[in-house]
Amino acid sequence: MNVTETKDILILAIESSCDETAASVVKNGRTILSNVISSQIDTHTAYGGVVPEIASREHIKAINYVIERALTEAAVTLADITAIGVTYGPGLVGALLVGVAEAKAIAYAAQKPLIGVHHIEGHVSANFIENKDLEPPFVCLIVSGGHTHLVIVKDYGEFEIIGRTRDDAAGEAFDKVARAVGLGYPGGPKVDRAAKEGNPHAIEFPRGKVADSPYDFSFSGLKSAVLNYINHAKMTGEEICVPDLAASFQNSVVDSLVSRAILAAKEYGYQKLAIAGGVASNTALRAVMEEACKKNGISFYHPSPVFCTDNAAMIGVAAYYEYIRGKRSGWDLNAVPNLKLGER
C-alpha cells in the first residue's frame, strides 16, 4: 500500500460501543501514542451484565476526560491530529451515539476529516499493533461477547466471512454459564480463572456442529447441556465442582473454535492465522491455538489482552488504513447498532 504523505498521520480514535469509554492517538497505523480506557465493569457488575441506559450515561460523563487524557499522554494537540476515527457500529445504539456525536463535534470544530470505523474491523486491526510483520491476506477468528466470525482478511478493510455462529456468540455462552454457576460478571475472565483449577475432561460436553457448514459455529446446545447438568445435579443433591465444570465447558468451546480455524487456514491455503475480540484473551484458547498452529506449520498472531477487549487503539489502526484508502465519512454519520462486517 502506497502512502503518498510524508508527514506522520495521527489518528484520534474514539470507542464507546458497549461499556468502555476509550480514546487513543495512533501514529501511522502501527504506533500507539496513547490508549486510555474508562471501564464501567464495576458499575454493571451489580446488575449481572451491561445495562444499556446506564452505559450511555457513563459514556457521557467520561468521554471528554478520556479524550483530553489521550491527547495529553500522546503529547499532541488537536492541531496535530490528521483525522478523527470513531466506532459507529455494531454495538449498543445509545453508547455508540455518544462516541459518534463527540467525534463529529470535534471533527467539525477542528476541521478534520471524520472516519467511521466498524467495531469488528477494529478488533481485527488490533493484530497490527504489536505484530509489525503481519500483512493481509490471512485467516482471522473473531470471538467476542456478541460475535463469533471466521473471516479471510483479504486486504486492510476487506473481509470475506466464511463462518459465523448460528446462535449464541462464544462470549455470550461464557457469560451465561458463569452466571449459572454463580461466578458472576464478567463471565469470560471468571470462567477462565476457575478453569485453571479444574479438569477439562471431567465432563464431556458436546461440540456443536452445523450440517453442510464446516466453518459455522453453534453454542446454544453446549449452553443447554451445561444448564441441564447443573439442574440435574441440584435435583439429585450432587455437589457441583465449579472448576471442573468451567474447565470442561471451556474445553468444548476452545475445541470448536480451534478446529474450525485450523481447518479454514489449511483448506484455503493460508499460512497466517490471527485471533481477535474479547475472548481472544482467553488463556486456554491462546495456548491450544498456538499449539495447533505450530503442529500445522501456521504462523499464529494475537494481540495482547489489553488490545483484545474494547479499546480505541484498535479503532485508530483501522481508521488509519481507511484514511489512506481514501475513506471519509460525512456529517450524516450515524450509529448503526446492527452493522454487518463488510457493510459501509
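Each value in this text was obtained by applying a stated rule to the coordinates, not by laboratory testing. Small disclaimer: the values here were computed from a predicted structure and weren't measured. FYI the Cβ positions are ideal-geometry reconstructions off the backbone, even for glycines, and counts take in every protein chain you see.
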Notebook entry, point to check: What residue among 118, 302, 232 shows peak mean-square fluctuation when the chain is described by a Gaussian network model with Cα springs under 10 Å?
Noted result: 232
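First measure r as the distance between the Cβ atoms of residue 233 and residue 69, then evaluate 1/(1 + (r/R0)^6) with R0 = 51 Å and state the FRET efficiency to the nearest 0.05.
On the way: r = 48 Å, r/R0 = 0.94.
Step by step, r from the Cβ atoms, then E = 0.60.
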Checklist line | Between the stretch 203-252 and the stretch 65-88, the Cα center-to-center distance that results, in Å | finding: 44
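Pairs of Cα atoms under 8 Å, at least six residues apart: use those to get the relative contact order of the chain, whole percent.
Working: 761 pairs, mean separation 84.2, N = 344.
Here the relative contact order equals 24 percent.
Going down the table (209/266; 7/112; 132/190), which pairs top 27 Å between alpha carbons?
Going by Cα-Cα distance, 132/190 fall outside the 27 Å limit.
What ranking do 120, 324 get, fewest neighbouring Cβ atoms within 10 angstrom at the top? Display every interim value, and only then the final one.
On the way: 120 28, 324 17.
Fewest-to-most Cβ neighbours within 10 Å comes out as 324, 120.
Among residues other than residue 264 whose Cβ falls under 13 Å from its Cβ, what is the net charge (Lys/Arg +1, Asp/Glu -1)? All intermediate terms of the calculation are to be shown ahead of the outcome.
Values: positive: 164, 260, 266, 272; negative: 160, 216, 267.
Local charge sum for residue 264: +1.
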Notebook entry, point to check: In whole Å, how far is the Cα centre of the stretch 103-158 from that of the stretch 292-337?
Noted result: 2
Note to self: List the pairs from 27/272; 176/327; 154/340 whose alpha-carbon separation is above 27 Å, in the order I gave them.
What the structure shows: 176/327
Margin query: How long are the semi-axes of the equivalent ellipsoid of the chain, taking √(5λ) for every eigenvalue λ of the Cα gyration tensor, in whole Å from largest down?
Written below: 35, 24, 16
Checklist line | Ranked by how many other beta carbons lie within 10 Å on average, peptides 43-50, 178-185 from highest | finding: 178-185, 43-50
Margin query: Please check: in the Gaussian network model of the chain (C-alpha springs, under 10 Å), which one of 176, 294, 272 has the largest mean-square fluctuation.
Written below: 294
Note to self: Using a Cα-Cα cut-off of under 18 Å, which aspartates and glutamates could be cross-linked to residue 234, ignoring same-chain neighbours fewer than 8 residues away?
What the structure shows: 244
Notebook entry, point to check: Tell me, what ³J(HN,Hα) does each residue in the stretch 85-94 have, in order and in whole Hz, if you take phi through Karplus 6.51 cos²θ - 1.76 cosθ + 1.60 with θ = phi - 60° and put x for Gly and Pro?
Noted result: x, 8, 5, 10, x, x, x, 6, 4, x
Notebook entry, point to check: Along the charge dipole of the stretch 196-341, Cβ charges K/R +1 and D/E -1, which of 279, 326, 200 sits furthest on the positive end?
Noted result: 326
Notebook entry, point to check: For the stretch 22-129, what is the largest minus smallest coordinate of the Cα atoms on each principal axis, given in angstrom and ordered from greatest to least?
Noted result: 41, 31, 24
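What does the helix-only formula give at 222 nm for the chain: each DSSP H stretch with n ≥ 4 adding -39500 (n - 2.57), the total divided by the residues, and the result rounded to the nearest 500 deg cm²/dmol? All intermediate terms of the calculation are to be shown ahead of the outcome.
Details: 12 runs with 150 residues, N = 344.
Mean residue ellipticity, 222 nm, calculated: -13500 deg cm²/dmol.
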Notebook entry, point to check: What are the ³J(HN,Hα) values, in whole Hz, obtained from phi via the Karplus relation 6.51 cos²θ - 1.76 cosθ + 1.60 with θ = phi - 60°, for each residue of the stretch 32-41 in sequence order, with x given for Gly and Pro?
Noted result: 8, 7, 7, 8, 9, 10, 10, 8, 10, 3
Item checked: All Cα pairs of the stretch 303-344, percent lying beyond 15 Å -> 60
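Going by average Cβ neighbours within 10 Å, how do the peptides 187-193, 18-24 rank, with the highest at the top?
Working: 187-193: 21.1, 18-24: 27.9.
Highest to lowest by the protection proxy: 18-24, 187-193.
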Next item on the list: Would you grab the residues whose amide H sits under 5 Å from the one on residue 165? Only those 5+ places off in sequence or on another chain, please, with H modelled 1.01 Å from N.
Entry: 148, 217
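Compute the whole-percent fraction of alpha carbon pairs in the stretch 163-264 spaced more than 19 Å apart.
Details: 2022 of 5151 pairs.
Counting pairs separated by more than 19 Å, the tail of P(r) holds 39 percent.
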Next item on the list: Convert 4 °C to kelvin, take the viscosity as 1.567 mPa s, use the Kirkwood radius over C-alpha pairs of the stretch 94-191 as Rh, and evaluate the Stokes-Einstein diffusion coefficient in µm²/s, rounded to a whole number.
Entry: 81
Next item on the list: For a footprinting-style exposure proxy, rank 140, 293, 308 by other Cβ within 10 Å, fewest first.
Entry: 293, 308, 140
Check: Mind checking which of 73, 121, 58 has the largest fluctuation in a GNM of the chain, springs on alpha carbons under 10 Å?
Finding: 73
Checklist line | Nearest-ten-degree value, helix 283-295 long axis tilted from longest Cα axis of the chain | finding: 90
Margin query: Let me spell out the model: positive unit charges on the Cβ of Lys and Arg, negative unit charges on the Cβ of Asp and Glu, origin at the Cα centre of the chain. What dipole size does that give, in debye rounded to 20?
Written below: 340
